[in-house]
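J.: Encoded as structure tokens, here's the structure I'll be asking about.
The values are calculated or read from the model by the stated rules, or taken from the named source; none is laboratory data. The shown structure was predicted, so the numbers you read here are calculated from the model rather than taken from an experiment. A quick note on method: Cβ atoms are made from the backbone with ideal geometry, for glycine too, and the neighbour counts reach across all protein chains shown. What goes into the accessible areas is simple: the full protein's heavy atoms, side chains included, and nothing from ligands, DNA or RNA. Shrake-Rupley method; radii C 1.70, N 1.55, O 1.52, S 1.80 Å.
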2 protein chains.
Amino acid sequence: MNIKDQLQHKIDFKTKPLGALGRLEEIALQIGIIQDSLSPKLEKPVLLVFAADHGLADEGISPFPKEVTWQMVMNFCAGGAAINVFCKQNGIDIKVIDAGVDYDFPEGLPFLDAKIAKGTRNMLRQPAMSVDECRQAMEKGKGFVKAEAENGCNTIAFGEMGIGNTSASALLMHKFTGISIEECTGKGAGLNDENVVRKKKILKEVSEKYQVENPLDILATFGGFEIAMMVGAFLEAKKQKMVILVDGFIATAAALTATRFDKKVTENCIFCHTSKEKGHQLMAKYLGAKPLLDIGMRLGEGSGAAVAFPIVKSAVLFLNEMTSFEDAGVSNKE
Amino acid sequence: MNIKDQLQHKIDFKTKPLGALGRLEEIALQIGIIQDSLSPKLEKPVLLVFAADHGLADEGISPFPKEVTWQMVMNFCAGGAAINVFCKQNGIDIKVIDAGVDYDFPEGLPFLDAKIAKGTRNMLRQPAMSVDECRQAMEKGKGFVKAEAENGCNTIAFGEMGIGNTSASALLMHKFTGISIEECTGKGAGLNDENVVRKKKILKEVSEKYQVENPLDILATFGGFEIAMMVGAFLEAKKQKMVILVDGFIATAAALTATRFDKKVTENCIFCHTSKEKGHQLMAKYLGAKPLLDIGMRLGEGSGAAVAFPIVKSAVLFLNEMTSFEDAGVSNKE
């Protein structure tokens with residue numbers, strides 16, 4: 001029997017009606033296959049939070065001012081943000097990465113400095129990144145994941161912080177799926193209806209301004225430093241055979257982009273939640289993903305992945321710790 | 001300001017976009033109101049698993065033989081069932097209760113003996129319980145919860161084991177909601193389509209056999225010992241101002257029944273998951289409940305409540321541990 005059949009057999013003979021653990025059974029199977037093991041383990045889970053600024057934020061596409069990006073990085077470093085609370089709760093090691101925040105941070109803060117530049121350029125005027133900057137960001141993302149793998153981590157999640165990054169993600173979604181910019185664009189951190197209309201207009205203008213075809217050019221033109229770093233991180237995590245916990249709209253846009261470089265990357269992805277951000281459901285559907293949670297979250301930071309992690313753990317634990325009908329002396333279905 | 005407004009204010013000034021934590025915010029609000037506190041705590045969580053047999057199982061309404069009830073009780077006691085794994089994972093104390101299993105257990109097993117009788121009667125012939133038995137079961141259920149409250153527990157979940165108990169639950173649902181027996185009846189532990197048709201026919205016959213009106217008579221006639229005990233448990237947990245984690249089809253049927261004795265009982269309920277069992281969605285809708293998870297589970301034992309518990313914890317933790325915009329020096333929406 002191949003590993004998939006062996007895993008399915010092990011799952012089916014646990015003391016429960018066939019299929020009664022639903023998605024937990026699918027996740028156990030997926031993780032067993034990723035690790036090529038009948039007794040998979042989630043080792044040293046890490047969440048990398050990539051932060052960067054977006055030149056397009058100057059156009060007022062977010063209800064929050066741009067300085068919230070660096071302020072939230074300080075908040076992450078102080079341990080007071082949602083993602084800190086959820087990672088601490090669920091035993092996930094959190095690492096904050098400055099991928100390109102428009103701020104000179106004071107010395108000695110507990111984050112990793114990978115600043116490519118102080119924010120991307122305003123893509124209403126010119127491409128967000130140069131191709132070289134984009135490549136650099138991807139390489140740095142790969143490097144962070146490689147370092148975690150070498151440290152024994154086999155389960156990784158990616159979060160982000162960047163005022164304006166639902167705009168970049170909506171543009172990437174539009175370019176890679178062909179879904180209209182109208183359907184890809186939502187309220188982000190809480191725009192009112194009038195400003196959503198404005199945001200759509202601006203994104204449409206940006207979208208029509210550039211004729212770019214290949215994935216790297218698209219990512220460089222419409223992405224962000226934190227997104228490009230996440231794309232590299234996804235690719236390396238797949239290469240390292242890691243379990244990848246995917247958060248909401250922005251993380252899924254990075255995963256989608258990563259599939260253009262390695263279409264098998266989603267084999268390792270567990271889509272953790274459906275974001276309330278408008279385009280996310282369509283994007284998940286496009287990727288054939290069935291996100292685990294649907295509890296109205298739209299925060300980013302990797303918060304959906306961190307909150308869902310215990311359920312992923314439950315899947316691995318039932319596979320490893322439940323007894324079989326035979327071992328328990330329980331009668332199976334007649 | 002009343003407690004509700006104070007809680008909402010506290011939630012709204014956390015460092016996140018307004019409403020961005022979705023259901024977590026609703027749960028934090030609910031628990032704060034239950035505990036009348038701006039800093040609620042989930043203390044000594046306990047899951048009570050009530051097990052009992054059903055006379056109607058003689059009619060072949062389950063794909064599993066009746067002896068699986070006592071065998072699974074042994075499995076719970078040995079720590080090998082799904083519910084053991086999930087409770088251990090999530091720091092929930094599990095207590096197994098023999099509410100009426102048709103078996104003489106050996107001495108010294110780690111369960112609580114509250115056996116009313118060796119299974120209910122076959123309700124195709126006579127009422128499942130006498131009113132006196134039903135009252136006894138409810139009182140015992142109350143007693144178990146009271147003991148936990150006295151021990152400092154303020155968060156409780158109920159699970160069950162009983163071959164045939166989706167039938168009893170479907171009948172209670174039908175009687176209390178008026179939804180057709182057809183729509184209340186599902187596959188249970190995995191009946192094939194042909195046997196589901198048979199099950200529906202039998203339940204219809206049972207339903208039409210008795211003219212009973214008041215909640216106690218309905219529960220006695222169509223319920224089960226584990227269900228009646230859960231009904232008492234729900235009522236006492238509400239009285240003790242506990243947070244109640246509600247599992248799937250059978251637990252929700254018990255909650256529904258409890259509302260006929262105290263209509264405010266659901267104020268304390270967090271509906272943890274949508275069961276794959278057919279009638280559950282309709283029953284949840286009837287109660288105005290929006291279950292937290294929808295991951296295709298249909299196992300019982302309280303497994304959905306145990307798996308969802310970390311998410312409920314996340315709600316309480318963000319309320320207590322996240323910083324506010326002011327404390328973090330983060331700019332709020334423009």
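J.: For chain B, modelled as a Gaussian network with Cα springs under 10 Å, which listed residue fluctuates most, B:Asn122, B:Asn195, B:Asn151?
T.: Of the options given, B:Asn151 has the highest mean-square fluctuation.
J.: Kindly write out, for the stretch B:28-35 in residue order, the coupling ³J(HN,Hα) from the Karplus curve 6.51 cos²θ - 1.76 cosθ + 1.60 (θ = phi - 60°), rounded to whole Hz, with x marking Gly and Pro.
T.: So the Karplus estimates, Gly and Pro as x, are 4, 4, 4, 5, x, 5, 4, 8 Hz.
J.: Please report the equivalent ellipsoid semi-axes of chain A, computed as sqrt(5 x eigenvalue) of the Cα gyration tensor, largest first, in whole Å. All intermediate terms of the calculation are to be shown ahead of the outcome.
T.: Details: eigenvalues 262, 85, 64 Å².
Equivalent ellipsoid semi-axes, largest first: 36, 21, 18 Å.
J.: Order B:Arg135, B:Arg125, most accessible first, counting only protein heavy atoms with a 1.4 angstrom probe.
T.: Result of the area sort, largest leading: B:Arg125, B:Arg135.
J.: Can you compute 3J(HN,Hα) from phi for each residue in the stretch A:183-199, using the Karplus curve 6.51 cos²θ - 1.76 cosθ + 1.60 with θ = phi - 60°, rounded to whole Hz and x for Gly and Pro?
T.: The phi angles translate into 7, 8, 9, x, 7, x, 6, x, 4, 7, 4, 4, 6, 5, 4, 4, 4 Hz.
J.: Same structure, new question: Provide the gained length on full extension for the span B:Asn2 to B:Glu139, in nm with one decimal, where the gain is 0.36 nm per separating residue minus the Cα-Cα distance.
T.: This chain segment gains 45.8 nm when fully extended.
J.: List the residues, sorted by chain then number, that are 5 or more residues from A:His273 or on another chain and whose placed amide H is less than 5 Å from its amide H.
T.: So A:His273 has HN proximity to A:Leu292, A:Leu293.
J.: At 7 Å along Cα-to-Cβ for each site, give me the label-to-label distance between A:Ser324 and B:Lys44 in nm.
T.: Label at A:Ser324, label at B:Lys44, 4.0 nm between them.
J.: Most mobile of B:Cys134, B:Cys272, B:Cys77 per a Gaussian network model of chain B (Cα springs, under 10 Å)?
T.: Judging by the Gaussian network model, the answer is B:Cys77.
J.: Another question, then. Other chains' Cβ within 10 Å of A:68-78 residues: what's the mean?
T.: Details: counts 8, 0, 1, 6, 5, 0, 3, 8, 2, 0, 4.
The shielding value for this peptide is 3.
J.: Which whole-number percentage describes the relative contact order of the stretch A:229-334, with Cα contacts under 8 Å and a sequence gap of 6 or more?
T.: 25 percent
J.: Compute a Gaussian network model of chain A, connecting alpha carbons closer than 10 Å, and tell me which residue from A:Gly159, A:Gly190, A:Gly304 fluctuates the most.
T.: Fluctuation is largest for A:Gly190.
J.: Then there is this: How many partner chain Cβ atoms sit within 10 Å of a residue's Cβ in peptide B:21-28, on average, as a whole number? The partial results should precede the final answer.
T.: On the way: counts 10, 11, 5, 8, 3, 2, 1, 0.
Averaged over the peptide's residues, the number is 5.
J.: While we're on this one: What order do B:Arg121, B:Arg198 take when sorted by accessible area (1.4 Å probe), most exposed first?
T.: Of B:Arg121, B:Arg198, the descending order of accessible area is B:Arg198, B:Arg121.
J.: When the solvent-accessible surface of protein heavy atoms is calculated with a 1.4 angstrom probe, in what order do A:Lys238, B:Lys175, A:Lys4, B:Lys16 fall, highest first?
T.: Solvent-accessible surface, decreasing: A:Lys4, B:Lys175, A:Lys238, B:Lys16.
J.: Okay, which of the stretch A:104-134 sit inside 12 Å, backbone N to the point 7 Å along the Cα-Cβ direction of A:Arg198?
T.: Those under the cut-off are none; the list is empty.
J.: Please list, in chain and number order, the residues 5+ apart from A:Val49 or on another chain whose amide H is under 5 Å from its amide H, with Hs placed from the backbone.
T.: Hits under the 5 Å cutoff: A:Lys95, A:Val96, A:Ile97, A:Gly159.
J.: Using r as the Cβ-Cβ distance of A:Lys209 and A:Cys77, and R0 as 35 Å, what FRET efficiency do you calculate, to the nearest 0.05?
T.: On the way: r = 36 Å, r/R0 = 1.04.
Here the calculated transfer efficiency is 0.45.
J.: Let me ask you something else. State log₁₀ I(q)/I(0) for the stretch B:173-321 at q = 0.15, 0.16 Å⁻¹ as given by the Debye formula over alpha-carbon point scatterers of equal weight, solvent excluded.
T.: Relative scattering, expressed as log10 I(q)/I(0), comes to -0.78, -0.89.
J.: A further question follows. May I ask you to derive the relative contact order of chain B, considering only C-alpha pairs under 8 Å and at least 6 residues apart, and to give it as an integer percent?
T.: 25 percent
J.: When the Karplus curve 6.51 cos²θ - 1.76 cosθ + 1.60 is applied with θ = phi - 60°, which whole-Hz ³J(HN,Hα) does each residue of the stretch A:218-225 get, with x for Gly and Pro?
T.: 4, 4, 5, 6, 10, x, x, 4
J.: Still on this model: So, taking all protein chains as they sit and a 1.4 Å probe, how much accessible area belongs to A:His54, in Å² rounded to tens?
T.: 0 Å²
J.: Using the alpha-carbon centroid of each, what span in Å lies between the stretch A:43-85 and the stretch B:182-217?
T.: 54 Å
J.: Could I ask something else about it? Given contacts defined as C-alpha pairs under 8 Å and at least six residues apart, what's the relative contact order of the stretch B:1-50, whole-number percent?
T.: 42 percent
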